[in-house]
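Student: Following this message is one structure expressed as structure tokens.
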């Protein structure tokens, strides 16, 4: 049964301070020109919302979070491209201006303008933890065929993992180490496998190592029982890893990556760090061995298109990463579960 009381209002979960969430009723948005009104079917709780809820990252309150959404188009504003149709299953990503230097050079994830940044009723945020959201058409991506809502909610984080793989230019039979077996580490694992790599998962927690085995990791390195650097060097016949994706924002993980990378390899710093510690690199080491240290932030429109297709065509299956699904009336307990260190993706259903 829908939680909404009438057709002119909607519910949204408002974060008012770290550790505090409350459901509030708002007027249902009216679609604007160049915008699309989306009825949200599911929204996963991202690491960013978890950090803000836990007080690890600062934010302006109140806010309505949630950007890992899947939903249906309910209304279409004037000026929206005709290929969008009412009833289409869609997801969202950030908007890009298409005009700044970074957009024109092909790096829209670094856009300096961000048009259409969402704010509603004087409350900022991405507004995925609500029943409806008005999205600029440039932020809406349509799935080529209908999939389950819980799988569709992985569209945005999967696109981020795709961006990391493309930054690293992962090739067939390369040795790729994933440091960190959380939800994002596992999505990076899935994408690296689709690129044809041999994937080595480096993790401290036994349950996460077993999850990695389930998702297709070729080698598991239990960093609680063995030296992960020595083990990776051994597994690669003394060469080191061609690619290391650091999917946890820890100083020790960065240090491990620097010591297990092969000559001419690539280290991708996928996760942000809170708090951030300086990364110490021996300039002579990077000079002699020519490895590269790369960042990977967000995703591009092309990454998003690839993510849509991979999910819709069943090329990857992120469903083992679903921890639990809760109605939005239980969003506080959903968030509390999401911030626990052993959790995977917790999904909220606004109309459950």
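Student: Give me the percent relative contact order of the range 163-295, please, defined on Cα pairs under 8 angstrom at least 6 residues apart.
Tutor: Values: 268 pairs, mean separation 30.0, N = 133.
Computed over the range 163-295, the figure is 23 percent.
Student: Please report how far the C-alpha centroid of the range 308-352 lies from that of the range 157-206, rounded to the nearest whole angstrom.
Tutor: For the range 308-352 versus the range 157-206, the Cα centre distance is 20 Å.
Student: For the chain, with a Gaussian network of springs between Cα atoms less than 10 Å apart, report the residue from 280, 315, 215 with the top mean-square fluctuation.
Tutor: Result for the chain, Cα springs under 10 Å: 280 fluctuates most.
Student: Same structure, new question: Checking the a/c ratio against 1.5 first, then a/b against b/c, what shape does the Cα gyration tensor give for the range 190-259? Intermediate values should be presented prior to the final figure.
Tutor: Values: a/c = 1.36, a/b = 1.12, b/c = 1.21.
Taking the square roots of the gyration eigenvalues as a ≥ b ≥ c, the range 190-259 is rounded.
Student: Just to be sure I understand: with springs between alpha-carbon atoms less than 10 Å apart, which residue in 164, 17, 197 has the highest mean-square fluctuation in the Gaussian network model of the chain?
Tutor: Evaluated over the chain, the most mobile residue of the options is 17.
Student: Let me ask another. Roughly what would the spin-label model give for residue 264 and residue 298, points 7 Å off Cα along C-beta, in nm?
Tutor: Here the answer is 3.4 nm between the modelled labels.
Student: To continue, here is another question. In terms of the Cα gyration tensor, with a ≥ b ≥ c the square roots of its eigenvalues, is the chain rounded because a/c is under 1.5, prolate because a/b exceeds b/c, or oblate?
Tutor: Working: a/c = 1.93, a/b = 1.68, b/c = 1.15.
Here the chain falls in the prolate category.
Student: What is the gain in length, in nm to one decimal, between residue 251 and residue 305 on full extension, counting 0.36 nm per residue of separation less the C-alpha to C-alpha distance? Before the final figure, lay out the partial values.
Tutor: Values: separation 54, 0.36 × 54 = 19.44 nm, distance 3.29 nm.
Taking 0.36 nm per residue and subtracting the Cα distance, the gain is 16.2 nm.
Student: What order do you get for 263-269, 186-192, 236-242 when each peptide is scored by the mean count of other beta carbon atoms within 10 Å, highest first? Could the numbers behind the result be given before it?
Tutor: On the way: 263-269: 19.7, 186-192: 28.3, 236-242: 17.1.
Descending mean neighbour count gives 186-192, 263-269, 236-242.
Student: Per 0.36 nm of contour for each residue apart, how much would the distance between residue 330 and residue 30 grow if the chain were fully extended, relative to their Cα-Cα spacing? List each step's numbers first, then the result.
Tutor: Details: separation 300, 0.36 × 300 = 108.00 nm, distance 2.67 nm.
This chain segment gains 105.3 nm when fully extended.
Student: Roughly what % antiparallel, to the nearest 5, for the DSSP beta bridges in the chain? Show your work: numbers first, answer last.
Tutor: Values: 32 of 60 bridges.
The antiparallel fraction comes to roughly 55 percent.
Student: If you don't mind, there's one more thing I want to ask. Within the range 291-320, find all residues whose amide N lies under 16 Å from a label point positioned 7 Å from the Cα of residue 148 along Cα-to-beta-carbon.
Tutor: Residues 311-320 fall inside that zone.
Student: Using 1/(1 + (r/R0)^6) with R0 = 35 angstrom and r between the beta carbons of residue 319 and residue 289, what's the FRET efficiency to the nearest 0.05? Display every interim value, and only then the final one.
Tutor: Working: r = 40 Å, r/R0 = 1.13.
Step by step, r from the Cβ atoms, then E = 0.30.
Student: Round to a whole angstrom and tell me the spacing of the C-alpha centers of the range 82-154 and the range 243-257.
Tutor: Rounded to whole Å, the Cα centres lie 30 Å apart.
Student: Moving on to the next point. Would you calculate the separation in nanometres between label points at residue 84 and residue 340, each defined as 7 Å from the Cα along the Cα-to-beta-carbon direction?
Tutor: In this crude label model, residue 84 to residue 340 measures out at 3.8 nm.
Student: Kindly state, to the nearest 0.05, the FRET efficiency for residue 119 paired with residue 56, given R0 = 22 Å and r defined as their beta-carbon distance. Numbers along the way, then the final one.
Tutor: Working: r = 24 Å, r/R0 = 1.08.
So the FRET efficiency works out to roughly 0.40.
Student: Can you tell me which of 153, 273, 334 moves the most in a GNM of the chain? Springs connect C-alpha atoms under 10 Å apart.
Tutor: 273
Student: Taking a ≥ b ≥ c as the square roots of the Cα gyration tensor eigenvalues, with a/c under 1.5 meaning rounded and otherwise prolate when a/b beats b/c, else oblate, which class fits the range 163-295?
Tutor: Details: a/c = 1.35, a/b = 1.22, b/c = 1.11.
Judged from the Cα gyration tensor, the range 163-295 comes out rounded (a/c under 1.5).
Student: For residue 226 and residue 276, calculate 0.36 nm times their separation in residues minus their Cα-Cα distance, and state this gained length in nm to one decimal.
Tutor: Details: separation 50, 0.36 × 50 = 18.00 nm, distance 2.60 nm.
Once the chain is fully extended between residue 226 and residue 276, it gains 15.4 nm.
Student: Counting helices only, and only those DSSP H runs with n ≥ 4, report the 222 nm mean residue ellipticity of the chain as the sum of -39,500 (n - 2.57) divided by its residues, in deg cm²/dmol to the nearest 500.
Tutor: Values: 11 runs with 96 residues, N = 352.
Calculated mean residue ellipticity at 222 nm is -7500 deg cm²/dmol.
Student: Shifting gears a bit: Please list 220-228, 35-43, 341-349 highest first by mean number of surrounding beta-carbon atoms within 10 Å per residue. Working shown, then result.
Tutor: Numbers: 220-228: 16.6, 35-43: 24.9, 341-349: 19.1.
In decreasing order of mean packing, 220-228, 35-43, 341-349 become 35-43, 341-349, 220-228.
Read the figures in this text as sums done on the coordinates, not as results from a lab. Remember, it's a predicted structure, so these values are computed and weren't measured experimentally. Counting neighbours? That spans all protein chains shown, and the Cβs are built from the backbone with ideal geometry, glycine included.
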